[in-house]
1. Given the structure, is Pro28 crowded, with 16+ Cβ neighbours inside 10 Å and in the same structural domain as Gln242 (by TED's automatic domain parsing)?
2. So which residues in the stretch 167-177 are crowded, with 18+ Cβ neighbours inside 10 Å and in contact with a helix residue (DSSP H, G or I) (Cβ under 6 Å, 6 or more places away or on another chain), if there are any at all?
3. So Phe91 fits all but one of (1) surrounded by 15 or more Cβ atoms within 10 Å (Cβ to Cβ); (2) modelled with pLDDT of 85 or more; (3) out of contact with any Ser or Thr (no Cβ under 7 Å at 6 or more places or on another chain); (4) of a type outside the set (S, T, N, Q); what number is the exception?
4. Scan the stretch 133-155 residue by residue and report those that are of a type in the set (A, V, I, L, M) and either at positive phi or out of contact with any helix residue (DSSP H, G or I) (no Cβ under 6 Å at 6 or more places or on another chain) (or both).
5. I'd like to verify a number: residues in the stretch 39-55 that are in a loop (DSSP other than H, G, I, E, B) and either among the acidic types (Asp, Glu) or surrounded by fewer than 22 Cβ atoms within 10 Å (Cβ to Cβ) (or both), how many?
6. Taking the condition of being in contact with a Leu (Cβ under 8 Å, 6 or more places away or on another chain) and surrounded by fewer than 19 Cβ atoms within 10 Å (Cβ to Cβ), how many residues in the stretch 186-198 meet it?
7. Out of the residues in the stretch 117-161 that are among the small types (Gly, Ala, Ser) and outside any helix (DSSP H, G or I), which is modelled with the lowest pLDDT?
8. Mind telling me which of the residues Gly59, Gly82 ends up being in a strand (DSSP E or B), touching a Leu at 6+ places or on another chain (Cβ under 8 Å) and modelled with pLDDT under 95?
Amino acid sequence: MDPILKTDNLTIRFGGHTAVSGVNFEMPARQLKSIIGPNGAGKTTFFNLLSGELKPSAGEVYFKGQPITGMSAVARTRLGLGRSFQITNVFPNLTVLENVRLAVQSKEKIRYQMFRHFVRYQYLMDEAEKLIEMVLLQGREYAIASQLSHGEKRKLEIAMLLALDTEVLLLDEPTAGMSLEEVPAILDVIRKIKQTGEKTILLIEHKMDMILDLSDSIMVLFNGKLLADASPKEIMDNEMVQNAYLGGLYDENAVES
């Protein structure tokens, strides 16, 4: 089966520094792959290249076999490649339901009609409610977005990303900034999305227990280069990975982007 997302010799330089160096990467469809690596490994920069927020110095990005290297971040999202927590159309003064409904409406390309009440579009409301349940925000439909907890806002952002019918979810440290009490809920959301078998998830995270529990495979970046890409067990047993930095892998500060 052809990979849904692929890079060929992907490279970016900032002055004399090469942040991502010749990365050849393949993402199987409907799997969850985690990216790990120590500080300065190039994880977030790699994400920025995939999502279109940065343009590479060399190399190509492919989505479903088609080159997308020259596409903007917005164009890539419309194509089905979406990055979480970068969405700008979250309205803080609207409810959870209104935010998700507007995202669904955007996907359906329905323009605002002054003399037609939104309840006439009941199917939009139904779809929004399904997505709210998917991200475990049921019961919070009428909460104002600005009043949500940090963890709830993350859930809302994921719901809005799903509303855009995104096939590949790029989740950059989804538990960052959360309290310990909020982390299990966001893990349940990611696990629930994975279990549908409909989405492909690429995840940057530094909580190793979470990575080992959720991942089908793990990709290791080190000094901007792809060090290894294999199953969780193979990664943990990989002598090259151990020699590079495994001794500090369980130190949260050692594996942040």
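1. Values: crowded, with 16+ Cβ neighbours inside 10 Å: no; in the same structural domain as Gln242 (by TED's automatic domain parsing): yes.
Answer is no for this residue.
2. The answer is Leu170, Asp172, Pro174, Thr175.
3. Every listed condition holds for Phe91 apart from (1).
4. Within the stretch 133-155, Met134, Leu136, Ile144, Leu148 meet the criteria.
5. Restricting attention to the stretch 39-55, the residues satisfying the condition of being in a loop (DSSP other than H, G, I, E, B) are 39-42, 52-55.
Within this subset, residues satisfying the condition of being either among the acidic types (Asp, Glu) or surrounded by fewer than 22 Cβ atoms within 10 Å (Cβ to Cβ) (or both) are 39-40, 52-55.
Here the count works out to 6.
6. Of the residues in the stretch 186-198, the ones in contact with a Leu (Cβ under 8 Å, 6 or more places away or on another chain) are 187-194.
If we keep only those that are surrounded by fewer than 19 Cβ atoms within 10 Å (Cβ to Cβ) as well, we get 187-188, 191-192.
Total meeting the criteria: 4.
7. Step one: filter the stretch 117-161 for residues among the small types (Gly, Ala, Ser), giving 128, 139, 143, 145-146, 149, 151, 159.
Filter again for outside any helix (DSSP H, G or I), leaving 139, 143, 149.
Working: Gly139: 97, Ala143: 98, Ser149: 90.
Step by step, filter the stretch 117-161, then rank; the result is Ser149.
8. It is Gly82.
The values are calculated or read from the model by the stated rules, or taken from the named source; none is laboratory data. All values derive from a computational prediction rather than experimental measurement. As a convention, Cβ positions derive from the backbone with ideal geometry for all residues, glycine included, and neighbour counts pool all protein chains shown.
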